[in-house]
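**Student:** My questions will all concern the structure given below.
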Amino acid sequence: MTEAATTPTQGKDQPIKASELDPKFKYELVKMHGSEKILKCFQCGTCTSDCPVARFSDTYRPRTLIHMAQLGLKERVLKSDTLWLCAACFTCTDRCPQDVEVAAVIRVFRNLAAEKGCVPQVFKDQAQSLLESGYAYKIPELRVKKRESQCLPPLPKGDAEKVRKVLKGVKFIDNFQKPAGEKPSGQ
Ligand code: SF4
Ligand code: SF4
């Protein structure tokens with residue numbers, strides 16, 4: 001990530017400074033598609049207890065991320081590494097007794113984080129590969145040769161130009177296409 005990252009758990013343990021709080025953040029969120037109902041969350045914890053990722057992670061807690069956002073801890077939420085662990089399975093959204101669209105809220109957080117350049121390197125690498133080859137992962141030459149040796153048909157060619165066209169205007173992607181020397185936003 002481009003900026004120092006924190007996690008919800010670390011964030012929770014660190015003292016909160018008044019200067020960190022952005023009281024407008026929650027009102028910005030209620031205007032965004034997907035996070036309109038964030039203020040209805042009454043912190044019951046159902047989303048976290050049913051989340052399959054939280055079951056295997058000591059730090060990923062959707063309830064905590066929402067609580068931090070309600071408090072105005074915008075930077076801590078957007079710089080959280082665990083934000084990117086969500087598998088978008090929508091279990092939390094189905095189970096929330098308050099109709100908070102938890103999975104969509106996480107998507108909104110990610111979009112805001114991406115605008116600031118706070119994206120894990122693995123996703124930046126995937127974006128770069130998509131733009132260059134049309135594939136999220138570069139197919140190693142060894143794999144291509146092995147297919148040939150086993151008389152398998154060649155893999156279809158990725159159409160990087162089409163991918164670039166489709167993704168034009170996506171801020172996170174545009175950052176990768178800036179002229180050399182110009183730094184992506186958030187760096
Ligand atoms: S299940 Fe809904 S109300 Fe309960 S903590 Fe999660 S978002 Fe909040
Ligand atoms: S959508 Fe994300 S936060 Fe919700 S239950 Fe699935 S993995 Fe957990």
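The values are calculated or read from the model by the stated rules, or taken from the named source; none is laboratory data. Keep in mind that what you see is a predicted model, and the values were worked out from it rather than measured. A quick note on method: Cβ atoms are made from the backbone with ideal geometry, for glycine too, and the neighbour counts reach across all protein chains shown. With ligands, DNA and RNA removed, areas are computed over all heavy atoms of the protein, side chains included. Shrake-Rupley method; radii C 1.70, N 1.55, O 1.52, S 1.80 Å.
**Student:** Against the condition open to solvent by less than 50 Å² (accessible area, probe 1.4 Å), modelled with pLDDT under 95 and either in contact with a Ser or Thr (Cβ under 7 Å, 6 or more places away or on another chain) or under 28 Å from residue 69 (Cα atoms) (or both), how does residue 124 come out, does it pass?
**Tutor:** Spelling it out, residue 124 is indeed open to solvent by less than 50 Å² (accessible area, probe 1.4 Å), modelled with pLDDT under 95 and either in contact with a Ser or Thr (Cβ under 7 Å, 6 or more places away or on another chain) or under 28 Å from residue 69 (Cα atoms) (or both).
**Student:** Name the helices (runs of 4 or more DSSP H) wholly inside the range 61-132 in which the number of residues that are closer than 21 Å to residue 19 by Cβ is 1 or more.
**Tutor:** 62-71, 74-78, 102-115
**Student:** Just to verify a result, which residue in the range 16-51, among those that are in a loop (DSSP other than H, G, I, E, B) and within 16 Å of ligand 2 (Cβ to nearest atom), is farthest from the chain's Cα centre (by Cα)?
**Tutor:** 44
**Student:** Restricting attention to the range 140-152, does a residue exist that is open to solvent by less than 30 Å² (accessible area, probe 1.4 Å) and of a type in the set (A, V, I, L, M)?
**Tutor:** No; the residues of the range 140-152 include none that is open to solvent by less than 30 Å² (accessible area, probe 1.4 Å) and of a type in the set (A, V, I, L, M).
**Student:** Return the residue satisfying two criteria in turn: it lies in the range 81-106 and is in contact with a Pro (Cβ under 7 Å, 6 or more places away or on another chain) and under 19 Å from residue 28 (Cα atoms), and of such residues it is surrounded by the most Cβ atoms within 10 Å (Cβ to Cβ).
**Tutor:** Here the residue is 102.
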